[in-house]
1. How about segment 172-184: which of its residues are open to solvent by less than 70 Å² (accessible area, probe 1.4 Å) and in contact with a helix residue (DSSP H, G or I) (Cβ under 6 Å, 6 or more places away or on another chain)?
2. Quickly run through segment 106-117 and pick out the residues that are closer than 20 Å to PHE134 by Cβ and either open to solvent by 10 Å² or more (accessible area, probe 1.4 Å) or aromatic (Phe, Trp, Tyr) (or both).
3. Just a yes or no: is a residue in segment 410-428 closer than 25 Å to PRO183 by Cβ and touching a residue at least 60 places away in the same chain (Cβ under 8 Å)?
4. Going by the structure shown, is MET74 touching a Leu at 6+ places or on another chain (Cβ under 9 Å) and assigned to a helix (DSSP H, G or I)?
5. What is the one condition in (1) closer than 24 Å to VAL128 by Cα; (2) open to solvent by 70 Å² or more (accessible area, probe 1.4 Å); (3) modelled with pLDDT under 85; (4) of a type outside the set (Gly, Ala, Ser) that TYR5 does not satisfy?
6. Here is a list of conditions, (1) at pLDDT 80 or above; (2) over 25 Å from the mean Cα position of the chain (by Cα), and SER375 meets all of them except one; can you say which number that is?
7. Check every one of the helices (runs of 4 or more DSSP H) wholly within segment 116-219 and list those with 1 or more residues that are at pLDDT 80 or above and over 23 Å from the mean Cα position of the chain (by Cα).
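The values are calculated or read from the model by the stated rules, or taken from the named source; none is laboratory data. In this text, all values refer to a predicted model and were calculated from it rather than measured experimentally. Every residue, glycine among them, receives a Cβ derived from its backbone with ideal geometry; neighbour counts consider all protein chains shown. Calculation scope for accessible area: heavy atoms of the full protein, side chains included, ligands and nucleic acids excluded. Shrake-Rupley method; radii C 1.70, N 1.55, O 1.52, S 1.80 Å.
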Amino acid sequence: MEKFYQLFPQELVTFVLVTLFSLLIGLSQRKLSLKKEGEGVEKTFFGTDRTFTFIGILGYLLYILDPANLIPFMGGGFALVILFGLNYYVKMSQHNIFGITSIVTGLITYCLAPIVVTQPSWFYVMVVVTVLLFSEMKHTFVEIAQHMQNDEMITLAKFLAISGIILPMLPNENLIPGINLTPYTIWLATVVVSGISYLSYLLKRYVFKESGTLLSGIIGGLYSSTATISVLARRCKHAKEREIPDYVASMLMAVSMMYLRLLILIPIFSLKIFVSAYPYLLIMAVVSAAVAWYIHKKGDSTEAMEKTEDDDDDSSNPLEFKVALIFAFLFVLFTVVTHYTLIYTGTGGLNVLSFLSGLSDITPFILTLLQDTGSVAIGVAVACIMQAIISNNLMKMCYALFFSGRRKEMLPFLTTGFSVVIAVNVALLIFFYL
């Protein structure tokens, strides 16, 4: 936009921009007015397209009269506030309407002129876009509020507290001499993992509330692939036979999303390890998704995937305080155990520990490896990450078998799918060692 000021007179460009932006805002108000009239609601807007355009032009004219002291501009704004106040009084007394959205929008339109003149183009365009979006999204916000749980805002407040209040206040000094473990790093790992889980939770509850089985595995895998597979296995226990391939495919998609989750987590803590690990993680994510898609297509593709209501454990809130404490405890435990394992048993003991970590949540162990690449060679860290994943995938297959009641119709799909994924994992690990 700044280049236009060089090609044409500044006053002309500013006037055109203010007029255009004011007209766009007015047109959005016209649309809302027509929508209310169509719904049988009596018109209470003080104006629409032309009125808002004239408000923007008025603001520009009064601003250029005295841009230094802004006396005419402030006087016009005061007069506009009086008119808006009278309009609001009439709406409130005669129509029992208390909303002031259109009034605030009118005041923003009046302020467009000084914003266009004094601010960069990206800023005033952002202001106009925001006004247009929020004007159109009233019903969207109403639907979100209707579907919102009673404690949802408390949950958001918790996340803001642990990330924006608690984290900056924590000291970044080692708790144990010689071990790279500080209150800040412990809580940072907790915040990052909780943030990804919380995003997955919001997508599952509000964006894909009635998702298909395959999509449930994709979204749930970002939160916790182990929990998602356990829930899907319980559902599969009572599912129709033709739906079983979709459930197994969804489990494998959850595994694929686990790799994507690691691709997000690892560069946050260690770019060096990410550079070495990402090709293998990316290949495993693609292979898992490909096997899942193959099993999905192998099933009865003529049947639509069943919609599922998220009333199970995979949609539970990920920001429970006890969950954060458990993760922090596991992170501290694996950090201490890894440190002393390296001291007394070397990399051989660390390799054994990587396989043992797969019996539970592997995220704390992997984040421990990412904290200090100086004590653990990058190649060893990458190998341990891959070994932990192999062990964890094997445990997920066992969880699926256990929670599904070893349903015989499920066994061929489950064992074949997970065996292929684990075999590729092992092959990549051998290739990495070679």
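1. ILE179, ASN180, LEU181 - these are the residues of segment 172-184 that are open to solvent by less than 70 Å² (accessible area, probe 1.4 Å) and in contact with a helix residue (DSSP H, G or I) (Cβ under 6 Å, 6 or more places away or on another chain).
2. Within segment 106-117, LEU107, ILE108, TYR110, CYS111, ILE115 meet the criteria.
3. no
4. Answer is yes for this residue.
5. Checking TYR5 against (1) closer than 24 Å to VAL128 by Cα; (2) open to solvent by 70 Å² or more (accessible area, probe 1.4 Å); (3) modelled with pLDDT under 85; (4) of a type outside the set (Gly, Ala, Ser), the one that fails is (2).
6. All conditions are met except number (1).
7. Result: 121-136, 183-202.
Yes/no per residue for (1) open to solvent by 10 Å² or more (accessible area, probe 1.4 Å); (2) free of Cβ contacts under 8 Å to residues at least 40 places away in the same chain:
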residue: LEU222; (1), (2): yes, yes
residue: ARG234; (1), (2): yes, no
residue: LYS240; (1), (2): yes, yes
residue: ASP246; (1), (2): yes, no
residue: MET251; (1), (2): no, no
residue: VAL255; (1), (2): no, no
residue: ARG261; (1), (2): yes, no
residue: LEU271; (1), (2): yes, yes
